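The values are calculated or read from the model by the stated rules, or taken from the named source; none is laboratory data. Please read all numbers here as calculations on a predicted model, not as lab measurements. Areas reflect the complete protein model, heavy atoms only, side chains present, ligands, DNA and RNA absent. Shrake-Rupley method; radii C 1.70, N 1.55, O 1.52, S 1.80 Å.
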Amino acid sequence: MENLDLQEIRGQLDEIDTRLVELFEKRMAAVQQVLAYKKEHNLPILDAAREQIVIEKGVARIQDPVLKPYYEELLIKQMELSRRYQKTLLAASQDE
């Protein structure tokens with residue numbers, strides 16, 4: 001690993017976080033589209049089998065075995081946030 005000072009490392013983290021924000025917003029826009037499809041086809045928000053597949057595929061992409069459980073936790077939290085966002089959107093659309 002390069003010998004970087006703390007400010008350089010923090011700069012790298014800031015760049016990564018900026019990209020993560022962009023990807024998060026794109027993901028949540030896709031979540032809105034998923035909700036629209038589910039509403040149109042009268043499907044429940046939770047699809048546990050699909051979530052498990054997404055988690056397994058995601059974890060399988062991680063090369064460092066030490067990081068796998070952490071990434072699994074991240075995906076689980078991401079799914080929880082996505083469901084909560086869908087529920088919020090659904091409630092707002094029913095209030096209209």
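Descriptive notes on the structure:
- The angle separating the long axis of helix 68-95 from the principal Cα axis of greatest extent in the chain is about 30 degrees.
- Taking every protein chain into account, the accessible area of the chain amounts to 83 square angstrom per residue (probe 1.4 Å).
- Listed pairs Lys38/Lys87; Lys39/Lys87; Lys26/Lys77; Lys38/Lys77 exceeding 19 Å between Cα atoms: Lys38/Lys77
- Across the accessible surface of the chain, with the other protein chains kept in place and a 1.4 Å probe, carbon and sulfur atoms take up 56 percent.
- Each principal axis of the stretch 20-96 carries a Cα extent, and these read 47, 27, 14 Å when sorted largest first.
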